[in-house]
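Undergrad: Following this message is one structure expressed as structure tokens.
The values are calculated or read from the model by the stated rules, or taken from the named source; none is laboratory data. On a predicted model such as this, the values are computed, not experimentally measured, just so you know. Ideal geometry is used to build each Cβ from the backbone, glycine not excepted, and the neighbour counts take in all protein chains shown.
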């Protein structure tokens, strides 16, 4: 791997780390707007622990903050996957 590629990956890792930190702050900020019970319901939905009927019923009650929290979880998961892939590539090259 050429030096420019390694520098790109290092920059990408740094940016992803910053993004993950920001998303954690966002998750905490959004979670403050919701009850603990609601967060538990959303976690069950997110982890696909509900039946199809339960999931659909819950989905019909989603408000702005529910959707924002779920979107934050989705972004966090994608950032973690990308960060792991970049870290793995860097480890292979060192």
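Undergrad: Can you name the condition, by its number, that residue 48 falls short on among (1) at pLDDT 95 or above; (2) assigned to a helix (DSSP H, G or I)?
TA: The failed condition is (2).
Undergrad: How about segment 24-45: which of its residues are outside any helix (DSSP H, G or I) and either surrounded by 14 or more Cβ atoms within 10 Å (Cβ to Cβ) or touching a residue at least 12 places away in the same chain (Cβ under 8 Å) (or both)? Lay out the reasoning, then the answer.
TA: First, the residues of segment 24-45 that are outside any helix (DSSP H, G or I): 32-35.
If the condition is that a residue be outside any helix (DSSP H, G or I) and either surrounded by 14 or more Cβ atoms within 10 Å (Cβ to Cβ) or touching a residue at least 12 places away in the same chain (Cβ under 8 Å) (or both), then 33, 34 are the ones that fit.
Undergrad: Is it fair to say residue 83 is surrounded by fewer than 16 Cβ atoms within 10 Å (Cβ to Cβ) and under 18 Å from residue 15 (Cβ atoms)?
TA: no
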